[in-house]
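*Asks:* Sharing a structure here in structure tokens format.
The values are calculated or read from the model by the stated rules, or taken from the named source; none is laboratory data. These numbers were taken from a predicted model, which means no experiment stands behind them. Cβ placement follows ideal geometry from the backbone for every residue including glycine, while neighbour counts extend to all protein chains displayed.
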Amino acid sequence: MTTSLELPADPVAAGETGVAAPVAIEVSHLTKVFGAPARRGLGRGRSDTGGGKPPAVADVSFTVAKGEFFVIMGLSGSGKSTLLRMLNKLVEPTSGTLTIDGRDVSRLRDGELRELRNKKINMVFQHFALFPHRTVRDNAAYALRLRGVNQNEAAQRADEALKTVGLEGWGDSLPGELSGGMRQRVGLARALASGADILLMDEPFSALDPLIRRDMQDLLLQLQRDHQRTVVFVTHDLNEAMRLGDRIMVMRNGKVVQLGTGAEILSMPADDYVADFVSDVDRSRVLTAGTIMRQPLVTARLDERPEQVLDRIGAAEGLGAYVLDEDGRILGVLSNDRLADAVHQRSTSLADHLTDQYASVPDSAPLVDLCSLVGRHSVPLAVTDDAGRLVGVVPRAALLAAIANTEEAPRA
Amino acid sequence: MPEIDIGTPVANAVDWLTENFEPLFDAIHAVMEFFTNVVLYLLTAPAPFVVIAVFTALAFWARKWGFAAFTLLAFLLVDAMGLWIAAMQSLAIVLVATVLAVAVSIPVGVWAARSDRASSVVRPVLDFMQTLPVFVYLIPAVFFFGIGAVPAGVATLVFAIAPGVRLTELGIRTVDAETVEAAHAFGAKPWQILREVQLPLAMPSIMAGVNQVLMLALSMVVIAGMVGAGGLGAEVMRGISNLDVGTGFQGGVAVVILAIFLDRLTSAFAAKKRRRKRRAPAGPTATTTPGTAAQPERDLAAV
Ligand SMILES: Nc1ncnc2c1ncn2[C@@H]1O[C@H](COP(=O)(O)OP(=O)(O)O)[C@@H](O)[C@H]1O
Ligand SMILES: [Mg+2]
């Protein structure tokens, strides 16, 4: 087994976002076989016996950039929790290497590992795992108290964290007096108060009602906007994964089957397993105009003659054309009827015949926002980039196809 | 069929132990005797009415009027039957044996909870100690410690210790695994986790164990009379040997009174301990900080 303190040259399976952002977590060939002679670690209730079992996590490699929201997804039993727990060594890897901020974690001594867990990398649990005999404030202050911060300061920082998660004034209550959603807010506050910049979250919202789950997702997104932490988030809910994740890693039987952005996974599932997952997703909220748009059939410049444009539209069997300026921004629309009139009147200028009979959306608009706009005009819905340039169009048929199934046009 | 004699080797072993470990047994004897005498002195030096008043106050504090009234009347009855001193002698042995049993069983239970191997060693030993007929180890106890309160106390301790160990182990093993994981995940040291998370959360189970230890110890009171420990056991024994139903019955009633008193008292304390942690809610309405997208009120409404 090679160990390197340097960042390795090949960003393993970094997905298509080959960004140069600094790496927070680097996992390489990590494997866990329960029952194999582990180096050290914490049993998780179940006993580590029974040799010859298939690995719970098999040869997994990935990197997480600083500030990235990285989602691990898969059915129950696919090894997500085991993988997540290897990141803070609650589960000792059988083989493979793990570096956090460039430090090889397997080389840390006990004290250093505890310090890493206390200050650098915190965890939020599926069933909250609060200390039921301690007040909400003491729960939130737990990491601080462990590292010897004095009582007053710890309480003050805990209260701040509680305020951030919307639990101001609940510090003196016991966890048992709170609802599920509020308890998980305490779980979140416990991780926030410690100031750790890596959060490990093991299905943190899956024990909550759907409405509250959505609130919690909003809260998490809000927290990420205010202070971007590195998050590794486990879920079996693809909608949640799509909503939160910058990138999603799909696991099955301990192996990685696909790693990419939500849109990539949705539009190009690697195999039937992923496709099965994807079929449950509310595609209209996850896919964006940019992912399903097509090349416009016909565009025109203002200095063209009506007959030319009409010919091109005719050849393409279109119903109209967008007229663009030199930068590609939309000036207006020419419908076939208007063009025919112009030709009839022997007009030479397109400008007189332009209409504003069109609608446009930014390429990041989710499909659900497109439904009411598409098909209202003779030209298909325009998709524009940040600078307002026309980058594609969404015909009604493309929208319906995208919402209905996975067969759709590749990116324009 | 060859005859196998395991009695002789055991007898030899007991002889050997008696000879070679005499200083150890003497030390145990001295300690037990000292504690038993101290407790007995505390119970019998004041007038019975004073002690009864203290018991009644404890009962009132633990459970309010009903239990206090029972305690008052029951111990007045014990005194009126002329069994006060005997009852206090038995109580002293029971208390000392229980305290020592608990002092041993909690560390052993913790050890068994933390290691499967330890658990697999401890378990059969406990089964053996608990199921072996009491009279059988009363004999070596007499060999080691002579007759009197000390062998009775030691036999009581050995007989009563099992549930203390078992329920400590069970309590610690059934602390929510995720909660213990959370303590690890925030960088706590193993002993911090034991002291601040596992033991407090196992406390209801441990207290149930203490209660059972106490009840088993009480069940030894009569047998303790057979090794000259005095107390209520001696009363009952006297009733049996004289075929005096009345005397035996009075002794039995006094044992039952002690048992009910101790049982209700300790189970009330266990419950109190739990309740104290559950003070009234602090009660501010949830506040939504500007800038947090979601509202805790909705969580509240949903419960
Ligand atoms: N402590 C353990 N001892 C033995 N097997 C385990 C242990 N923890 C997990 N496993 C096994 O590893 C596999 C992956 O489990 P897990 O990581 O919990 O999956 P997930 O979180 O995706 O549901 C499962 O087959 C599970 O039974
Ligand atoms: Mg899991």
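*Asks:* Might you check whether a residue that is β-branched (Val, Ile, Thr), part of a loop (DSSP other than H, G, I, E, B) and loosely packed, with under 15 Cβ neighbours inside 10 Å occurs anywhere in the range A:347-357?
*Replies:* Keep residues of the range A:347-357 that are β-branched (Val, Ile, Thr), which gives A:348, A:355.
Narrowing further to those that are part of a loop (DSSP other than H, G, I, E, B): A:348.
Checking which are loosely packed, with under 15 Cβ neighbours inside 10 Å leaves us with A:348.
So far as the range A:347-357 goes, yes, one or more of its residues are β-branched (Val, Ile, Thr), part of a loop (DSSP other than H, G, I, E, B) and loosely packed, with under 15 Cβ neighbours inside 10 Å.
Conditions tested, residue by residue: (1) of a type in the set (A, V, I, L, M, F, W, C); (2) buried (at least 24 other Cβ atoms within 10 Å of the Cβ); (3) over 22 Å from the mean Cα position of the chain (by Cα); (4) over 28 Å from A:VAL105 (Cβ atoms).
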{"site": "A:VAL124", "(1), (2), (3), (4)": "yes, yes, no, no"}
{"site": "A:THR135", "(1), (2), (3), (4)": "no, no, yes, yes"}
{"site": "A:LYS163", "(1), (2), (3), (4)": "no, no, yes, yes"}
{"site": "A:GLY180", "(1), (2), (3), (4)": "no, no, yes, yes"}
{"site": "A:LEU199", "(1), (2), (3), (4)": "yes, no, no, no"}
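*Asks:* Within the range A:221-241, track down each residue that is closer than 14 Å to A:GLN184 by Cβ and within 9 Å of chain B (Cβ to nearest Cβ).
*Replies:* A:LEU223
*Asks:* May I pose another question? How many residues does the range A:220-248 contain that are more than 20 Å from A:GLY262 (Cα to Cα) and not acidic (Asp, Glu)?
*Replies:* Of all residues in the range A:220-248, those more than 20 Å from A:GLY262 (Cα to Cα) come to A:223, A:226-227.
Right, trim to not acidic (Asp, Glu) and you get A:223, A:227.
Looking only at that region, the number is 2.
*Asks:* Also, quick follow-up: Mind checking which residues of the range A:84-104 are over 23 Å from A:GLY74 (Cβ atoms) and more than 25 Å from the chain's Cα centre (by Cα)? If you could, list the steps in order and put the result at the bottom.
*Replies:* Going through the range A:84-104, the residues over 23 Å from A:GLY74 (Cβ atoms) turn out to be A:99, A:101-104.
Selection gives A:ARG103, A:ASP104.
*Asks:* Test A:ARG137 against the criterion of being of a type in the set (Lys, Arg), within 14 Å of another protein chain (Cβ to nearest Cβ) and under 20 Å from B:LEU194 (Cα atoms), and give yes or no. Reasoning before the result, please.
*Replies:* Numbers: of a type in the set (Lys, Arg): yes; within 14 Å of another protein chain (Cβ to nearest Cβ): yes; under 20 Å from B:LEU194 (Cα atoms): no.
Spelling it out, it is not the case that A:ARG137 is of a type in the set (Lys, Arg), within 14 Å of another protein chain (Cβ to nearest Cβ) and under 20 Å from B:LEU194 (Cα atoms).
*Asks:* Same structure again: Could you list, in sequence order, all residues of the range A:228-275 that are surrounded by fewer than 18 Cβ atoms within 10 Å (Cβ to Cβ) and in contact with a Lys or Arg (Cβ under 7 Å, 6 or more places away or on another chain)?
*Replies:* The one that is surrounded by fewer than 18 Cβ atoms within 10 Å (Cβ to Cβ) and in contact with a Lys or Arg (Cβ under 7 Å, 6 or more places away or on another chain): A:THR261.
*Asks:* What is the number of the single condition among (1) under 14 Å from the mean Cα position of the chain (by Cα); (2) not in a helix (DSSP H, G or I) that B:ALA97 does not meet?
*Replies:* Failed condition: (2).
*Asks:* Consider only pairs whose beta carbons are under 6 Å apart and that are at least six residues apart or on different chains; among these, list those whose first residue lies in the range A:64-88 and is within 14 Å of chain B (Cβ to nearest Cβ) and whose second residue is assigned to a loop (DSSP other than H, G, I, E, B) and near ligand 1 (Cβ under 8 Å from one of its atoms).
*Replies:* Sorted first by the residue in the range A:64-88, then by its partner, the pairs are A:THR82/A:ALA56; A:THR82/A:VAL91; A:ARG85/A:VAL91.
For (1) at pLDDT 95 or above; (2) more than 16 Å from ligand 2 (Cβ to nearest atom); (3) out of contact with any Asp or Glu (no Cβ under 9 Å at 6 or more places or on another chain), each residue gets a yes or a no:
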{"residue": "A:GLY74", "(1), (2), (3)": "no, no, yes"}
{"residue": "A:GLY77", "(1), (2), (3)": "no, no, yes"}
{"residue": "A:SER81", "(1), (2), (3)": "yes, no, no"}
{"residue": "A:LEU84", "(1), (2), (3)": "yes, no, no"}
{"residue": "A:LEU87", "(1), (2), (3)": "yes, no, yes"}
{"residue": "A:GLY102", "(1), (2), (3)": "no, yes, no"}
{"residue": "A:LEU108", "(1), (2), (3)": "no, yes, no"}
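*Asks:* Residues that are under 24 Å from B:PHE145 (Cα atoms) and within 23 Å of the chain's Cα centre (by Cα): which helices (runs of 4 or more DSSP H) entirely in the range B:1-89 hold 2 or more of them?
*Replies:* Values: elements: B:7-20, B:22-44, B:48-63, B:65-80.
Output list reads B:22-44.
*Asks:* Separate question: What number of residues within the range B:217-269 satisfy the criterion of being touching a Lys or Arg at 6+ places or on another chain (Cβ under 9 Å) and either under 22 Å from B:PHE60 (Cα atoms) or in a helix (DSSP H, G or I) (or both)? Steps first, answer last, please.
*Replies:* Within the range B:217-269, the first condition is being touching a Lys or Arg at 6+ places or on another chain (Cβ under 9 Å), and the residues that meet it are B:225, B:244, B:247-248, B:251, B:264-265, B:268.
Subsequent filtering for residues that are either under 22 Å from B:PHE60 (Cα atoms) or in a helix (DSSP H, G or I) (or both) retains B:225, B:247-248, B:251, B:264-265, B:268.
Within the range B:217-269, residues that are touching a Lys or Arg at 6+ places or on another chain (Cβ under 9 Å) and either under 22 Å from B:PHE60 (Cα atoms) or in a helix (DSSP H, G or I) (or both) number 7.
*Asks:* Please tell me if A:LEU98 is surrounded by fewer than 21 Cβ atoms within 10 Å (Cβ to Cβ), closer than 18 Å to A:VAL232 by Cβ and either touching a Pro at 6+ places or on another chain (Cβ under 6 Å) or in contact (Cβ under 8 Å) with a residue 12 or more places away in the chain (or both).
*Replies:* Values: surrounded by fewer than 21 Cβ atoms within 10 Å (Cβ to Cβ): yes; closer than 18 Å to A:VAL232 by Cβ: yes; either touching a Pro at 6+ places or on another chain (Cβ under 6 Å) or in contact (Cβ under 8 Å) with a residue 12 or more places away in the chain (or both): yes.
Here the answer is yes, as A:LEU98 does meet what is asked.
*Asks:* Out of A:VAL124, A:VAL149, A:VAL165, I need the residue that is more than 29 Å from A:GLY77 (Cβ to Cβ) and in contact (Cβ under 8 Å) with a residue 40 or more places away in the chain. Which one? Give the steps one after another, and end with the answer.
*Replies:* Numbers: A:VAL124 fails: more than 29 Å from A:GLY77 (Cβ to Cβ); A:VAL149 fails: in contact (Cβ under 8 Å) with a residue 40 or more places away in the chain.
The unique qualifying residue is A:VAL165.
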